[in-house]
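Step one of this worksheet: look at the structure below.
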Amino acid sequence: MAEQVLAAVRTAPGTTELREFPMPDIPDDGALLKVEVAGICGTDVKMYAKPPFGDPVIMGHENVGVIAAAGRTFTARRGLAEGDRVFVEHYVGCFRCEWCHQGEYRHCEATDWRTNPDARRYGYTSASNPYHLWGGFSQYLYLPWNAVIHRVPDGVSAELAGLVTPLSNGIEWALVTAGVGYASTVLIQGPGQQGLSQVVACKQAGASLVIVTGTTQDTARLDLAGELGADHVIDVRKEDALARVLEITGGRGVDVVLDCTAGAGTAPVLLGVDALKRREGTMVVQGELAAFPDFPLKKITEKSISVRSARGHSYRSCELALEQLASGRFPLERLSTHSFGLADTDRAIRTVGGEYGEGVVHVSLLPWAEATA
């Protein structure tokens, strides 16, 4: 094994440079992952342009690879061996607090970078911390005893497994947070990787009607939504989205609205409120709006709408995502549209942000692409 590890490091807002780090000594209860794929999502775009904390940071929180080295205690506890392919969640909880004991480590203070300056979370933690390798935009990733790891089923490639994070988010937000199930009617706003993953989750759960909205710029994604099982797609720039939803539903509206338009302003939320059925609908939103003037609380209470927040995924949702990928029921490989090597990390992030390329859904960074080309 090499003595140095090559990584793409964010050194300032919108700036990446390749750096080498010493190969860390692995403790008996730790391991080292040889990163095969690190997925890139919209959160990376925001964190790259406006980092909420100091650099240097090795980004990359959607990580898949093989166990390259592992301590004896690590392998005994995890039932994993060198050479096993795994998916690594980005949360690194304490596993002592109440949240961790409930299996909700995503809420653990030890992994919440917003409130804890010493938090550990892949793709967010400073490379100045011990072991350095806290992000997937690197040839190797450090796995401490409290890393959350899932074995990738046989037959699921590394690049396909790179879709676990958006797919598990889709499962968590649609099935768990919103309660989508048999005969549910659903409006999904935004056909990005999260929205498309929710199409799959809703159809798998037995939803009787799935409607997806997007813009003219999303034409290819809307077409893909249809291939993944959406019953109707709506271009909000060409049609009156609310009128169309009511027409499709015979004036009843939908049971659930899943807003995946993060950063698109208040219009999708207002549309969601109107598109929900008269009583007891559910809307799941992402917390991207810093303020919401004239929030329609009166209408929400009159219609008894439950507004719930979308945040991360659970262990079970990741396991279900891996099962979904292994089943081959949906053409999920279509979500993986672009891949880049470490030297092109800046371009990869900007591609997700819409600065380059067309038809972008999910982008994969392949740390060893250049070494094996």
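The values are calculated or read from the model by the stated rules, or taken from the named source; none is laboratory data. On a predicted model such as this, the values are computed, not experimentally measured, just so you know. Counting neighbours? That spans all protein chains shown, and the Cβs are built from the backbone with ideal geometry, glycine included. These accessible areas exclude ligands, DNA and RNA; they are computed on the full protein's heavy atoms, side chains included. Shrake-Rupley method; radii C 1.70, N 1.55, O 1.52, S 1.80 Å.
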Square roots of five times the C-alpha gyration tensor eigenvalues of segment 241-349, ordered largest first and given in whole Å, equal 32, 20, 15
For segment 53-73 and segment 93-166, compute the distance between their C-alpha centroids and round to whole Å.
-> 8
Solvent-accessible area per residue for the chain at a 1.4 Å probe radius, Å²?
-> 42
Report the convex hull volume per residue for segment 176-237, counting only C-alpha atoms, in Å³.
-> 65
Rounded to 10°, Cα long-axis angle of helix 315-327 versus longest principal axis of the chain | 80
Rounded percent of accessible protein surface that carbon and sulfur make up, the chain, 1.4 Å probe | 48
Loop-only check: which GluC sites (Glu not before Pro) in segment 210-284 are DSSP coil with at most 15 other Cβ within 10 angstrom?
-> 239, 280
Just 42, 170, 192 to compare: in a GNM of the chain, with alpha carbon springs under 10 Å, which one fluctuates most?
-> 42
Cβ crowding within 10 Å averaged over residues, with 128-136, 282-290, 61-69 ranked highest first = 61-69, 128-136, 282-290
Please work out the C-alpha center-to-center distance from segment 182-252 to segment 327-373 and express it in whole Å.
-> 24
GNM on the chain, C-alpha springs below 10 Å: top fluctuator among 309, 138, 317?
-> 309
